[in-house]
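Presented below is the structure to which this report refers.
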Amino acid sequence: MDFRRDRVTALAQQVRSKELSATELTQHSLRMIEERNGDINAFVAVDAEKALEQAAAIDQIVASGGDPGPLAGIPIGVKDLEDAAGFRTTNGSPIFADAPPAPTDSILIGRLRQAGCVVIGKTNTPDFGWTARTENSLFGLTLNPWNREHSAGGSSGGSAAALAAGMVPLATGTDGGGSIRIPSAACGLSGMKSSFGRVPSGGSQPPNWLDLSTKGPMARSINDIAAALEVVVGPDQSDLSSLPRPEASWRDAVVDAHLPARVGWAPTLGYADVDREVLTACEHALVAFEELGVEVVEIEGPFEKDCVNEWLTIVGACLARSLSEHSEHPRYAELDETLQLIIQGGTHMSAIDLVNAFDASHFLNLKLVELFHSVRILVTPTMAGVAPPTNLGGNGLINGEETVNWVQMTYPFNMTHSPAATVCVGQSSTGVPIGIQLIGPQHADLVVLRAAAALEAALGFESVAAF
């Protein structure tokens, strides 16, 4: 058994057919965490006893002839921004280090449990998921399983590293600026940010990042992501923004995987400086597009400038709303210094500043509406630079030059609510994986999933991080 190679769907089917037990899967996950987590720091909390109890209950259902669900027995890691009953939700922050265990699951975790998943524990995230480097003063730094001198990306870096290291076959993430796509690309996984509202973020509290952040499953392959999306998408009455469930099957969509006839290649999005190694790897993938009969049209743009300031305006307002009340907490000073500045800036922001940022989202989307009249999918590098060495702090490298914004290809599509996927296209000279990003029109999640699955199959990236 090797979670770096085994398909989630195949493992679940073996549990349902009694070829394998949920207990065996859970025990294997716990062994891999014990053996490998010390080198990677992906998991920050594990409850072996409760996990084995969940697995035994699933095995009992199978033994009695019942159906425990399509993801029967699959062990999962839960990003530590998400409530899982019995675990603290620390948000990667010393402010919530002593938070009581969550009494209930979030909607996402509840749906995964109902489908048969076994919650193993919580995975690392930076303070409140705000940055692309998974590090905090409470649990420390998560390393990249492919090269432990490099970042695993973020903010879902704990989940991505756990998957790449074979500790679990399925995990959860959130993506408010690239936080599923960035660590997926950095750790050699496929990844998917569904359209905003597909996976509900409701519950007793309002969404932390307004309409920027999307929750969802993470796995090694698009097929496994689609199988998990199948059970978690759909509306919830507590989420004002949740979307109706499409009639088509998400899982079946990737069986009919195909690329559209025409795609647009935007290597810089109109404003970015992109690393040569990244571009070379992505251009290799474009050859695979063309060999499959796809017309690739290079695009200048589609955007006129980087929208990072507008994105930070929305993020700053949200973080200030959630965290300014904790400014007198005795451990507040342990928060990331840049995060503290963003919170401070958010407290001084005007309502007009925030509305102007939402207006920018509107105009970005209009650019995409125009673009998608001529191409079905927009293709870009997932990141402007390779996941950086850890000794650079939060900075990265683009063509040898140190820069703070090596992730400037993802957040525009949070502002536009677009479905967007990443597929691994190879490795850098340091052995760190590189991803290519596929973006679709509004609510065209299945189009993106089919295209990503077809490209994944064509490229055949089957390497795994070594242990």
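Picking from LEU455, LEU446, LEU459, which residue would you name as being crowded, with 24+ Cβ neighbours inside 10 Å and either in contact with a Phe, Trp or Tyr (Cβ under 9 Å, 6 or more places away or on another chain) or of a type outside the set (Lys, Arg) (or both)?
Numbers: LEU446 fails: crowded, with 24+ Cβ neighbours inside 10 Å; LEU459 fails: crowded, with 24+ Cβ neighbours inside 10 Å.
Residue meeting the stated conditions: LEU455.
If you go through the range 109-155, how many residues are in a helix (DSSP H, G or I) and under 17 Å from the mean Cα position of the chain (by Cα)?
Within the range 109-155, residues that are in a helix (DSSP H, G or I) and under 17 Å from the mean Cα position of the chain (by Cα) number 5.
What do you reckon, is ALA102 in contact with a helix residue (DSSP H, G or I) (Cβ under 6 Å, 6 or more places away or on another chain) and either touching a residue at least 60 places away in the same chain (Cβ under 8 Å) or not in a helix (DSSP H, G or I) (or both)?
No; evaluated as a whole, the condition is false for this residue.
Among the listed residues LEU30, LEU71, LEU81, identify the single one that is buried (at least 17 other Cβ atoms within 10 Å of the Cβ) and either over 24 Å from THR214 (Cβ atoms) or out of contact with any Gly (no Cβ under 8 Å at 6 or more places or on another chain) (or both).
Selected residue: LEU30, the only one of LEU30, LEU71, LEU81 that is buried (at least 17 other Cβ atoms within 10 Å of the Cβ) and either over 24 Å from THR214 (Cβ atoms) or out of contact with any Gly (no Cβ under 8 Å at 6 or more places or on another chain) (or both).
Which residues, taken from the range 14-23, are touching a residue at least 24 places away in the same chain (Cβ under 8 Å) and outside any loop (DSSP other than H, G, I, E, B)?
So the first thing to find is which residues in the range 14-23 are touching a residue at least 24 places away in the same chain (Cβ under 8 Å), and the list is 15-16, 18, 20-23.
Of everything in the range 14-23, those that are touching a residue at least 24 places away in the same chain (Cβ under 8 Å) and outside any loop (DSSP other than H, G, I, E, B) turn out to be VAL15, ARG16, ALA22, THR23.
Of all residues in the range 161-197, which are closer than 26 Å to GLN237 by Cβ and in contact with a strand residue (DSSP E or B) (Cβ under 7 Å, 6 or more places away or on another chain)?
Of everything in the range 161-197, those that are closer than 26 Å to GLN237 by Cβ and in contact with a strand residue (DSSP E or B) (Cβ under 7 Å, 6 or more places away or on another chain) turn out to be THR172, GLY173, THR174, ASP175, ILE180, MET192, LYS193, SER194, PHE196.
Can you pull out the residues in the range 1-22 that are of a type in the set (Val, Ile, Thr) and over 20 Å from PHE43 (Cα atoms)?
THR9, VAL15
Looking at the structure I just gave you, is LEU210 assigned to a loop (DSSP other than H, G, I, E, B), among the aliphatic types (A, V, I, L, M) and modelled with pLDDT under 95?
So LEU210 fits the description; yes.
Would you mind finding the one in ALA185, ALA228, ALA171, ALA162 that is outside any loop (DSSP other than H, G, I, E, B), of a type outside the set (Lys, Arg) and under 19 Å from VAL447 (Cα atoms)?
Being outside any loop (DSSP other than H, G, I, E, B), of a type outside the set (Lys, Arg) and under 19 Å from VAL447 (Cα atoms) holds for just one of ALA185, ALA228, ALA171, ALA162, which is ALA228.
In this structure, does GLY65 turn out to be under 25 Å from LEU81 (Cβ atoms) and either of a type in the set (A, V, I, L, M, F, W, C) or out of contact with any helix residue (DSSP H, G or I) (no Cβ under 9 Å at 6 or more places or on another chain) (or both)?
no
Contact list please: Cβ distance under 6 Å, first residue in the range 443-467 and more than 12 Å from ILE377 (Cα to Cα), second residue small (Gly, Ala, Ser), pairs at least six apart or on different chains.
As it stands, the answer is HIS443/SER195; ALA453/ALA257; ALA454/ALA257; GLU456/SER190; ALA458/ALA288; LEU459/ALA288; ALA465/ALA164, since those pairs meet every condition given.
So how many residues does the range 207-222 have that are more than 22 Å from HIS362 (Cα to Cα) and surrounded by fewer than 24 Cβ atoms within 10 Å (Cβ to Cβ)?
2
Would you mind stating whether LEU269 is crowded, with 21+ Cβ neighbours inside 10 Å and either assigned to a helix (DSSP H, G or I) or under 22 Å from the mean Cα position of the chain (by Cα) (or both)?
Spelling it out, LEU269 is indeed crowded, with 21+ Cβ neighbours inside 10 Å and either assigned to a helix (DSSP H, G or I) or under 22 Å from the mean Cα position of the chain (by Cα) (or both).
The values are calculated or read from the model by the stated rules, or taken from the named source; none is laboratory data. As the structure is a prediction and not an experimental result, all values here were calculated from the model. For neighbour counting, all protein chains shown are included, and Cβ atoms are generated from backbone atoms with ideal geometry for every residue, glycine included.
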